[in-house]
Amino acid sequence: EMQEVVALRQQFFQPVDRYHLIASSVTDLAWISQVNVTDHSVLVIAEGLLMYLDEADVRRLVLQLRKSFPNCRLVADVFSRLTARTAIKHASLKQTGASLGWGIDDSREIESWGQGIQLKEEWFFGQDSDVNLLSAGYRIMYKLAGAFKVAQRAHRIVTYQL
């Protein structure tokens, strides 16, 4: 199955020195040893990923990234716990059969997983200046969501130094 995913992606993205595909589940941490690092500036982007894992797998991944690539940056989009519990009812997820397992309410919680892990930035979608380009109804919706912490934190982007 992983080979099929890689084959499909190769139709759209050609491998180069700084980009290559690894046929592996993200939870099989052996893939990390296949990443060739020539300097110590590593950026890990986990887009649309972590919410599909359970907390134990997210923790193992974060700690292994920290061990393998000290001081790397991790950028990820994360759900709140409430969003992770309720998003499964969304029609798009029902159709795919996907399940959500992980959410986090306080982004600083990950700092307690290992000494030296630091939350560097937390960005909420309502903060984007492009919200002003939306229709009046959507602008109001984003402003209302921003007024309530639970709605604001439903889906956000976080950056950590590991």
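Which residues, taken from region 22-53, are aliphatic (A, V, I, L, M), under 20 Å from residue 157 (Cβ atoms) and not in a strand (DSSP E or B)? Break it down into steps so the answer makes sense when it comes.
Start the filter on region 22-53 by keeping residues that are aliphatic (A, V, I, L, M), which leaves 22-23, 26, 29-30, 32, 35, 37, 42-46, 49-51, 53.
Narrowing further to those that are under 20 Å from residue 157 (Cβ atoms): 26, 42-46, 49-51, 53.
Passing the criteria: 26, 42, 49, 50, 51, 53.
Before we move on, is residue 9 open to solvent by 40 Å² or more (accessible area, probe 1.4 Å), of a type in the set (Lys, Arg), within 26 Å of residue 158 (Cβ to Cβ) and under 20 Å from the mean Cα position of the chain (by Cα)?
yes
Given the condition over 18 Å from the mean Cα position of the chain (by Cα), farther than 19 Å from residue 101 by Cβ and open to solvent by 90 Å² or more (accessible area, probe 1.4 Å), answer yes or no: does some residue in region 40-62 qualify?
yes
Which pairs do you get when a residue that is in a loop (DSSP other than H, G, I, E, B), found in region 1-15, comes within reach of a residue that is open to solvent by less than 80 Å² (accessible area, probe 1.4 Å), reach meaning Cβ atoms under 8 angstrom, with the pair 6+ apart or on two chains?
13/19; 13/21; 15/21
Only one of (1) open to solvent by 50 Å² or more (accessible area, probe 1.4 Å); (2) modelled with pLDDT of 95 or more is not met by residue 161, so which one is it?
Going through the list (1) open to solvent by 50 Å² or more (accessible area, probe 1.4 Å); (2) modelled with pLDDT of 95 or more, residue 161 breaks only (1).
Quick one: in region 111-138, which of the residues that are open to solvent by less than 80 Å² (accessible area, probe 1.4 Å) and of a type in the set (D, E, K, R) is modelled with the lowest pLDDT?
Per the criteria, the residue is 128.
I'd like the full set of residues that are open to solvent by 70 Å² or more (accessible area, probe 1.4 Å) and either aliphatic (A, V, I, L, M) or modelled with pLDDT of 95 or more (or both), limited to region 16-32.
Within region 16-32, 16, 28 meet the criteria.
What pairs come out if I take residues in region 51-73 that are more than 17 Å from residue 84 (Cβ to Cβ) and pair them with residues that are open to solvent by less than 50 Å² (accessible area, probe 1.4 Å) and polar (S, T, N, Q) whose C-beta lies under 8 Å away, six or more apart or interchain?
60/27; 71/161; 72/161; 73/159; 73/161
The values are calculated or read from the model by the stated rules, or taken from the named source; none is laboratory data. It should be emphasised that the depicted structure is a prediction, and the values quoted were computed from it without experimental measurement. All Cβ positions, glycine included, derive from the backbone under ideal geometry; neighbour counts span all protein chains shown. Calculation scope for accessible area: heavy atoms of the full protein, side chains included, ligands and nucleic acids excluded. Shrake-Rupley method; radii C 1.70, N 1.55, O 1.52, S 1.80 Å.
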